[in-house]
1. Looking at the stretch 44-59 only, could you name the residues that are open to solvent by less than 20 Å² (accessible area, probe 1.4 Å) and within 15 Å of residue 247 (Cβ to Cβ)?
2. I need the full set of residues from the stretch 126-160 which are surrounded by fewer than 17 Cβ atoms within 10 Å (Cβ to Cβ) and either under 28 Å from residue 62 (Cβ atoms) or among the polar types (S, T, N, Q) (or both), in order please.
3. State the number of residues belonging to the stretch 1-42 that are in a helix (DSSP H, G or I) and either open to solvent by less than 90 Å² (accessible area, probe 1.4 Å) or touching an Asp or Glu at 6+ places or on another chain (Cβ under 6 Å) (or both).
4. How many residues does the stretch 182-196 hold that are part of a loop (DSSP other than H, G, I, E, B) and open to solvent by less than 20 Å² (accessible area, probe 1.4 Å)?
5. Scan the stretch 258-282 and report the pairs whose first residue is open to solvent by 50 Å² or more (accessible area, probe 1.4 Å) and whose second residue is part of a helix (DSSP H, G or I) and at pLDDT 90 or above, with Cβ atoms within less than 6 Å and a gap of 6+ or a chain change.
6. Identify all residues within the stretch 163-181 that are without any contact (Cβ under 8 Å) to a residue 24 or more places away in the chain and either surrounded by 13 or more Cβ atoms within 10 Å (Cβ to Cβ) or basic (Lys, Arg) (or both); write none if there are none.
7. Quick one: would you say residue 157 is free of Cβ contacts under 8 Å to residues at least 40 places away in the same chain, within 23 Å of residue 272 (Cβ to Cβ) and either in contact with a Lys or Arg (Cβ under 8 Å, 6 or more places away or on another chain) or outside any loop (DSSP other than H, G, I, E, B) (or both)?
8. Against the definition (open to solvent by 50 Å² or more (accessible area, probe 1.4 Å) and either aromatic (Phe, Trp, Tyr) or under 28 Å from residue 271 (Cα atoms) (or both)), how does residue 231 come out, yes or no?
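The values are calculated or read from the model by the stated rules, or taken from the named source; none is laboratory data. Note that the structure is a prediction, hence the values are computed from the model and not measured. Counting neighbours? That spans all protein chains shown, and the Cβs are built from the backbone with ideal geometry, glycine included. Side chains included, ligands, DNA and RNA excluded: accessible areas come from the protein's heavy atoms. Shrake-Rupley method; radii C 1.70, N 1.55, O 1.52, S 1.80 Å.
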Amino acid sequence: GLDPSAVPGFAESAYNLYESTGAHELQQALSEFDGGKVAVLVSRVPYRCPVAPYEAAFLMDTIFREKQIRQRTDITIYTPGKRPMAVAGPAIGDALLGMLSEREIAYSGERMVTSIDPASRRIQFDGEQAPYDLLVGVPPHKAPQVVVEAGLTDSTGYIPVHPQSLEVLTDVENLETEYSRVYGIGDVTTIMLPNMLPLPKAGVFAEAEGGVVGANIVADIAGKPASASYNGRGQCHVDIGGGLAALAGGNFYAWPAPRITLEPPSARNHQEKEEYEQVLDTWFTR
């Protein structure tokens, strides 16, 4: 779930990327924008779809260049993370920083927002402020209250699950559970990786996890062993604007840290991203 009220002033100040209304209002605001300071704010981690705020910055960069106002526009990403995509390792983070730098998009890491003042258009961090003319925000995320009240969450705020079977865990250290045939998939779960960072909250993982759990439920109903296992693999296209997309992916369960590669931006990767989005459209329109 989303919790914009956790940051005072967020709801009144930011175009919320994670709601359809906010995205539509941002589209209108961008059509009228004529230059100034643009802030892309990640308010808390973890959040769904780790690349989304970076894609927003890249796409706005393209829009501003097409409108010929980029020379009088500054774009800065503010985030609590020290580097982008930390879970994927320093090489991926450095590559993404390089792509941002090429487009003159600033990265301001280790910035934890405490409040936003819509009147003065300033973001308040611990001990410092940042002005903005246009604020695009990722609101704080949290597990739905019904899940919390059910007692399924742990100190991460989400449901700990077994990395292969996706069974809900009551003893994370020993990968054991007191519950039988209770599973969790997707954004509401926490899977801690060997590098002690959580598996990202992304649709590609939720889809694969759902297939594993579905297969095991079917096997259980049929009286067969539940043998399906999640392997921690996944990939994500990163739209960098201009009809180009990079492709990051690999084995997130690798030891001692995820083994992720990044294909350089290309038109082919962008086409694959669009084709996958068309598949998603069929899921939600039937």
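1. Across the stretch 44-59, the qualifying residues are 51, 54, 58.
2. Those that are surrounded by fewer than 17 Cβ atoms within 10 Å (Cβ to Cβ) and either under 28 Å from residue 62 (Cβ atoms) or among the polar types (S, T, N, Q) (or both): 129, 131, 133, 145, 155, 156.
3. 12
4. Counting residues in the stretch 182-196 that are part of a loop (DSSP other than H, G, I, E, B) and open to solvent by less than 20 Å² (accessible area, probe 1.4 Å) gives 3.
5. Every condition considered, the pairs that remain are 262/92; 262/95.
6. Residues satisfying the conditions are 167, 168, 169, 170, 172, 175, 177.
7. no
8. Yes; evaluated as a whole, the condition is true for this residue.
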